[in-house]
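Written below as structure tokens is the structure these notes are about.
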Amino acid sequence: VHSSLPRCGRLLSTSSRCRTVMPAWVIDKYGSNEVLRFTKNASFPIINYPNEVIVKVFAAGLNPIDVAMRGGYGAATLSMKRDPLNIKQSGSEFPLVLGRDVSGVIMECGLDVKYFRERDEVWAAIPPWKQGSLAEFVVLSANEVSHKPKCLSHIEAAAIPYVATTAWSALVNTGGLRKDNCANKRILILGGSGGVGTFAVQMVKAWGAHVTVTCSQNAERFLRGLGADHVVDYTAGPVEEPLSALEKFDLILDNVGGDTERWALKLLKPWSGSKFVTLVTPFMQNTDRLGVADGMMQTAATVASKALKHLMKGVHYRWGFFAPSGSALDEIRDMVDAKQIRPVVEETFSFSQVPQAFEKVEKGHARGKTVVQIS
Ligand code: NDP
């Protein structure tokens, strides 16, 4: 295990040798955009376990969860993950660094790391309980990291990992899709124009599925350009009406939530293994509101009763979650390098413009991803 002494890695320039601090955007309490603070004195990350790597961040992607976490979303659940024995005082997560996507270069490897070397160009999705990528350096487990696609710039690469590993977890691990079982499957993506949707459309299209998406009317061309076969405008009236007129679906990915569960499961082919996977779940809110034990109980009871209710009607109801995975990113890299998936960068901000980048994400109506150039 590496010591916690300031590192003197060979990759570091003389001026950055043996540093203990680095520039970062941090928050010291939860709130709106004014809690974001730039500092040159954030703690330099430390390798605590032999399977960890330190990555120099070139670009960081923002996601709606960054805006939500800035406001305190998931604080109880994530504290439990950071400090399972509940030893630390409340507020020990601060100063907290947000930013869930990273593209950069490996600067230092723990002693057990075999798959990466210093200077490797990598990308990763950072779990929400870890310090994020709005900083010059970040420490990650090697199994969360993957070699980045050679054909992408760091800015482009930072637009993919968090939404891609979320879509992968929801569609592959929960939804049971694979590249060799999608041909002729009919897939509906509710909310196609944002980060998860623009990735998911391309992924299942590359695997041969027939893809229908819902989005605003002004995103129709954009989504057809990403491979959608059929586009339904949800702003034109109750979207369930045009969707009900279509042939039924094998899988629905819900990126929208709200009242979708009221009507969407009726669009699935019954008694044929079809699945509804929603990414919009009350899991974190339950734990934040009720505490860990009661929140978990509430979550288990809710998901079990919904799953059972829908199973009796012949369809599967599931909750999907982000899951960090370097191996999923390896497969996604191959799809990107094969030009089956392209990054969708809607807007890029400089490191000094992080508050503006948050404002952009907070406004909603995303058409792909918001990325911050770090160095
Ligand atoms: P984005 O903000 O990038 O995209 C949301 C998109 O949905 C926008 O393009 C928006 O555009 C569109 N939209 C809004 N309302 C509707 C509607 N009624 N029908 C169709 N489209 C709509 O979000 P992400 O793609 O990053 O995430 C999607 C959802 O998944 C979020 O709720 C997020 O919290 C959740 N999520 C959950 C995870 C988990 O672990 N469970 C992980 C990652 C994401 P417009 O308003 O212009 O139509």
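So here's what we get for this one:
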quantity: Tabulated pairs, the stretch 302-314, first of a type in the set (A, V, I, L, M, F, W, C), second modelled with pLDDT of 95 or more, C-beta under 7 angstrom, 6+ apart or interchain; calculated: 303/319; 307/317
quantity: Members of the stretch 155-180 found to be within 16 Å of the chain's Cα centre (by Cα), of a type in the set (Gly, Ala, Ser) and outside any helix (DSSP H, G or I), listed by number; calculated: 158, 159
quantity: Tally of residues being closer than 15 Å to residue 317 by Cα and part of a strand (DSSP E or B) across the stretch 230-288; calculated: 10
quantity: Leading residue by the ranking (nearest to residue 290 (Cα to Cα)) among those in the stretch 77-91 that are within 26 Å of the chain's Cα centre (by Cα) and basic (Lys, Arg); calculated: 81
quantity: Long-range neighbours under 7 Å by Cβ, at least six apart or interchain, first residue more than 30 Å from residue 114 (Cβ to Cβ) within the stretch 51-74, second away from the ligand (no atom under 15 Å from the Cβ) and among the aromatic types (Phe, Trp, Tyr); calculated: 70/30; 71/30; 72/30
quantity: Some residue of the stretch 136-147 being of a type in the set (Gly, Ala, Ser), under 16 Å from the mean Cα position of the chain (by Cα) and away from the ligand (no atom under 12 Å from the Cβ); calculated: yes
quantity: Which listed residue is more than 17 Å from residue 249 (Cβ to Cβ) and either modelled with pLDDT of 95 or more or away from the ligand (no atom under 16 Å from the Cβ) (or both), from 201, 196; calculated: 196
quantity: Restricting the stretch 264-285 to residues that are of a type outside the set (A, V, I, L, M, F, W, C) and away from the ligand (no atom under 13 Å from the Cβ), the residue that is surrounded by the most Cβ atoms within 10 Å (Cβ to Cβ); calculated: 275
quantity: Any hit, the stretch 334-352, residues being assigned to a helix (DSSP H, G or I), among the hydrophobic types (A, V, I, L, M, F, W, C) and under 30 Å from residue 267 (Cα atoms); calculated: yes
quantity: Single residue of 292, 280, 231 found to be over 25 Å from residue 65 (Cβ atoms) and among the β-branched types (Val, Ile, Thr); calculated: 231
quantity: Residue in the stretch 209-227 that is modelled with pLDDT of 95 or more, touching a His at 6+ places or on another chain (Cβ under 6 Å), under 19 Å from residue 164 (Cα atoms) and not in a loop (DSSP other than H, G, I, E, B) present; calculated: yes
quantity: Residue pairs meeting the criteria (Cβ under 7 Å; at least 6 apart or on separate chains; first more than 14 Å from residue 171 (Cα to Cα) and without any contact (Cβ under 8 Å) to a residue 40 or more places away in the chain, in the stretch 206-221; second near the ligand (Cβ under 8 Å from one of its atoms) and not charged (D, E, K, R)); calculated: 213/192; 213/197; 215/192; 215/193; 215/234; 217/235
quantity: Among residues of the stretch 177-193, those that are more than 14 Å from the ligand (Cβ to nearest atom) and surrounded by 23 or more Cβ atoms within 10 Å (Cβ to Cβ), counted; calculated: 2
quantity: Of residues in the stretch 229-262 being closer than 28 Å to residue 73 by Cα and away from the ligand (no atom under 12 Å from the Cβ), the one surrounded by the most Cβ atoms within 10 Å (Cβ to Cβ); calculated: 252
quantity: Residue among 50, 84, 45 that alone is in contact with a strand residue (DSSP E or B) (Cβ under 6 Å, 6 or more places away or on another chain), assigned to a loop (DSSP other than H, G, I, E, B) and not hydroxyl-bearing (Ser, Thr, Tyr); calculated: 45
quantity: Residues within the stretch 53-75 that are farther than 21 Å from residue 18 by Cα, part of a strand (DSSP E or B) and more than 14 Å from the ligand (Cβ to nearest atom), tallied; calculated: 2
quantity: Failed item in (1) closer than 29 Å to residue 234 by Cα; (2) small (Gly, Ala, Ser); (3) crowded, with 21+ Cβ neighbours inside 10 Å, with residue 325 passing the rest; calculated: (1)
quantity: Extreme residue, farthest from the ligand (Cβ to nearest atom), among residues of the stretch 204-221 that are of a type in the set (S, T, N, Q) and buried (at least 23 other Cβ atoms within 10 Å of the Cβ); calculated: 212
quantity: Set 145, 172: member being more than 23 Å from residue 277 (Cα to Cα) and of a type in the set (Val, Ile, Thr); calculated: 145
quantity: Odd one out for residue 302 among (1) out of contact with any Lys or Arg (no Cβ under 7 Å at 6 or more places or on another chain); (2) within 27 Å of residue 212 (Cβ to Cβ); (3) of a type outside the set (A, V, I, L, M, F, W, C); (4) within 16 Å of the ligand (Cβ to nearest atom); calculated: (2)
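The values are calculated or read from the model by the stated rules, or taken from the named source; none is laboratory data. Small disclaimer: the values here were computed from a predicted structure and weren't measured. Note that we place each Cβ from the backbone using ideal geometry, even for glycine, and neighbour counts take in every protein chain shown.
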